[in-house]
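Working notes for the structure below.
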Amino acid sequence: MKRHEERAAEDEPSLIEVRLDELLEARGLTLTELAKRVDITLANLSVLKNGRARAVRFSTLAAICRELDCQPGDLLVYTGPGPH
Amino acid sequence: MSVLSSGATDARERQALAARVSVVVLEGLLWALLTVVLVTNVARPLAGDAMLGIGEGPYWGTTPSVTADVSDAVWERAFETLGDDLPAFGPGMMVGGPFERGEYVEATLPNRTDISVWSPMTFRQMVAVAGAPLLSGVVVAAALALAIRIVRDLRRGRLFDAANLTRTYQIAAVLGVGGMIAEVATAWGRIGVLTSPRLAGYVDVDWTVSFTPLVLGLTIAAGAEMLRLGIRMQRDVEGLV
């Protein structure tokens, strides 16, 4: 892939929506508290919450699901074309 | 948060602090080295008698010179003149004895001599006594300045980017090409001084061209390729949580 095509791919909006806000509100947790519990930086968690993350480690996903008592499908939703 | 993960976080924070401190120390050392090079290998040749001639005192105003080995013909004449006292000042180990412990000392005549070059001098002579050292100093100073830019980016956590890749290649080119030009210029100038008709027969005309700058430049270029790989890996993990 050429460099300008790579840059274009990086700038495309993600088709995976992260519903961290709703889950935090439902569980009565703040982002700061969750960051401490799952042991990742607040900056990285904010990147995830705002949809700017390009990849999520399974370990991070498992830790968030553990603390929010949810499934990955509750946290990550595909919003691209195709039957949902 | 568990006690174990708290401990792991503290360890990571300590490691991060140690890394920041070591980068600051590294930048400080590079600045100090750059200052030394600018004074000794740039300002000093410039201020010396061979170039601007504004230097004064034993450090700034030293007589431009190159070193050379005294020729065999000179030694033969010295042996004829001074006989058994050579190659030592005073009684050598061939005279006297038996010796006690601690008396096995001998002052020998040096084989190396300084060839002083005074103005007005030719361009080739100027290259030998000042131009080549100045060029070497400029090459090293340029490489250090580029290295300082890279380390400053490292302090900001931005090592793996295209600008630093370019700077690394520039360091490789400056040291490899500039260094070899300085080596060749040094040898060329040196031959020019030592083949002076007034020195004919008194000193050996010897010279050398080291390929160390070229090897160093190629090694750094290889390092730049590793940096390129690092840039690609960084791009892959950017935005990874």
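Values computed for the structure shown
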item	result
Single residue of B:ARG235, B:ARG198 found to be closer than 20 Å to B:ASP161 by Cα, modelled with pLDDT under 95 and open to solvent by 70 Å² or more (accessible area, probe 1.4 Å)	B:ARG235
Failed condition for B:GLN15, given (1) under 27 Å from B:LEU135 (Cβ atoms); (2) open to solvent by 90 Å² or more (accessible area, probe 1.4 Å); (3) at pLDDT 85 or above	(1)
Hey, A:LEU24 within 27 Å of B:GLY7 (Cα to Cα), part of a loop (DSSP other than H, G, I, E, B) and away from every other protein chain (no Cβ under 13 Å) or not	no
Of all residues in segment A:30-47 being outside any helix (DSSP H, G or I) and either open to solvent by 60 Å² or more (accessible area, probe 1.4 Å) or modelled with pLDDT of 90 or more (or both), the one that is farthest from the other protein chains (Cβ to nearest Cβ)	A:THR30
One residue from B:LEU165, B:LEU229, B:LEU216 being touching a residue at least 40 places away in the same chain (Cβ under 8 Å) and away from chain A (no Cβ under 14 Å)	B:LEU216
Complete set of residues in segment A:48-77 that are more than 10 Å from chain B (Cβ to nearest Cβ) and not in a helix (DSSP H, G or I)	A:ASN50, A:GLY51, A:ASP69, A:CYS70, A:GLN71, A:LEU76, A:VAL77
B:GLU183 being acidic (Asp, Glu), touching a helix residue (DSSP H, G or I) at 6+ places or on another chain (Cβ under 8 Å) and open to solvent by 30 Å² or more (accessible area, probe 1.4 Å)	yes
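Rundown of residues vs (1) open to solvent by 20 Å² or more (accessible area, probe 1.4 Å); (2) in contact (Cβ under 8 Å) with a residue 40 or more places away in the chain; (3) among the β-branched types (Val, Ile, Thr), yes/no style:
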| position | (1), (2), (3) |
| --- | --- |
| B:ARG112 | yes, yes, no |
| B:GLY131 | no, yes, no |
| B:LEU135 | yes, yes, no |
| B:ILE150 | yes, no, yes |
| B:LEU154 | yes, yes, no |
| B:ASP161 | yes, yes, no |
| B:LEU175 | yes, yes, no |
| B:GLY178 | no, yes, no |
| B:TRP207 | yes, no, no |
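The values are calculated or read from the model by the stated rules, or taken from the named source; none is laboratory data. Note that this is a predicted model, so its numbers are computed, not measured. So basically every Cβ, Gly included, is an ideal-geometry build from the backbone, and we count neighbours across all protein chains shown. SASA here: full protein model, heavy atoms, side chains in, ligands and nucleic acids out. Shrake-Rupley method; radii C 1.70, N 1.55, O 1.52, S 1.80 Å.
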